[in-house]
Structures are given as C-alpha cells and as structure tokens.
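Heads up, the thing below is written out as structure tokens.
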C-alpha cells in the first residue's frame, strides 16, 4: 500500500469514526419525522417534497451540532420560522442549553463549522457602549443625559438564544426642564448589526 493510499484510508476511517461519534450524541427522539396531522402548516407551506428536504436537513444539522465541542448531546433539531421554502433554516438545541442555527447553504457545506448562539453573542462592552448611544439618540435633550455606567448598569447573556441584555439607569431632562430618572433596556441578538432599546421611568 502506497503512502498516499494509506493516508486516504486513514482519513476515511477518521471521518467514519467521527460520524459514529456524532450520531451517538443525538437523542433517539430528535429525528422523529414530521407528519401532516401534527404539522399541517409546514406541509401546506413546503409541500411533500419540501418536507422531505427538511427531514434530510434536520439530520445534517443534528450531526453538525453534535460534532461541536460546545454541544454535549443534541435534544432537538427543528425547522425554524426564520427560513423559507427557498432557504430552509434549522435550529438545534443541546442538553447543555447551547443552540445552533443553520441555513441551507451552511448545511450543504460540509466544511462549515457549527457556531453556537452563545459563541456568536455580542461583546458585552460593545453592547453597553452602543446602548449608551441609543439612550442619547432617544433623549429629548441629549446633552442633559447622565448615564450611571458604574452603579446603575447590568448586563447578561441569555443562555440559549445568546442575546445580550443591557440595563442602564440614567437621568435626563424633559421638555419642562425637569431632571427625571429612567432605565433603558437594550437587546442585542447574535447576527444582527443593531440592537433595540426600551426606556421606562425609574
């Protein structure tokens, strides 16, 4: 056996073992096929052929997530409402609360890596800074805004979705010149270039 042939055989063996390992990390109930009785809207939107394609992609998505060191065991692999018949999107949940999203292009690319929502989460410092900018944009008089970054801030990352939630307390003057206390809640979701802000009286 030549060196090249031996190398190819070794790589093929590694790939096969890696696939077996990935499948062992998938719960038996994950890939139960969709049926018309329980998923009438899915069949109506995607059709029989479309659903057959979804089933294939659910399996690929589950195996791709299972290969990730971030996933301990795949417990769900489902069609996402983010997609469409022309670009199917599958989401996968793991037992350790890691979630993955895959579009059709990623699933058809064997080299595409599985990146969890938590891995794709916004940098906390950047989220706090941008939330502060949003506050000033929303203020009636931006120059009067006093944001309490040190004693009036909180930030956390949602375990499954990877969304970063920022709470900032601040004071600002209203149209009557009165300084009032407020709290801003900014949400930054993985993959989105901007966040959202909601302000309430404190």
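The values are calculated or read from the model by the stated rules, or taken from the named source; none is laboratory data. What you are looking at is a predicted structure, and each value in this text was computed from that prediction instead of being measured. Note that each Cβ is placed from the backbone with ideal geometry, even for glycine, and that neighbours are counted across all protein chains shown.
Okay, here's what the table says:
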item: Number of positions in the range 107-125 that are out of contact with any strand residue (DSSP E or B) (no Cβ under 8 Å at 6 or more places or on another chain), touching a residue at least 12 places away in the same chain (Cβ under 8 Å) and part of a helix (DSSP H, G or I); result: 0
item: Condition check for residue 92: farther than 22 Å from residue 25 by Cα and either touching a helix residue (DSSP H, G or I) at 6+ places or on another chain (Cβ under 6 Å) or part of a helix (DSSP H, G or I) (or both); result: no
item: Of the criteria (1) closer than 17 Å to residue 163 by Cβ; (2) touching a residue at least 40 places away in the same chain (Cβ under 8 Å); (3) touching a helix residue (DSSP H, G or I) at 6+ places or on another chain (Cβ under 8 Å), which one residue 100 fails; result: (2)
item: Some residue of the range 137-153 being part of a loop (DSSP other than H, G, I, E, B), in contact with a helix residue (DSSP H, G or I) (Cβ under 7 Å, 6 or more places away or on another chain) and at pLDDT below 95; result: no
item: Filtered residues of the range 83-107 (kept if under 15 Å from residue 57 (Cα atoms), within 19 Å of the chain's Cα centre (by Cα) and loosely packed, with under 14 Cβ neighbours inside 10 Å); result: 84, 87, 105
item: Residue in the range 175-187 that is in a loop (DSSP other than H, G, I, E, B) and crowded, with 16+ Cβ neighbours inside 10 Å present; result: no
item: Any hit, the range 7-14, residues being at pLDDT 95 or above, loosely packed, with under 15 Cβ neighbours inside 10 Å and at negative phi; result: no
item: Close pairs (9 angstrom Cβ cut-off, 6 or more residues apart or separate chains): closer than 8 Å to residue 100 by Cβ and assigned by TED's automatic domain parsing to the domain that holds residue 25 in the range 53-71, at pLDDT 95 or above and assigned to a helix (DSSP H, G or I) anywhere; result: 61/106; 61/107; 64/106; 64/107; 71/65
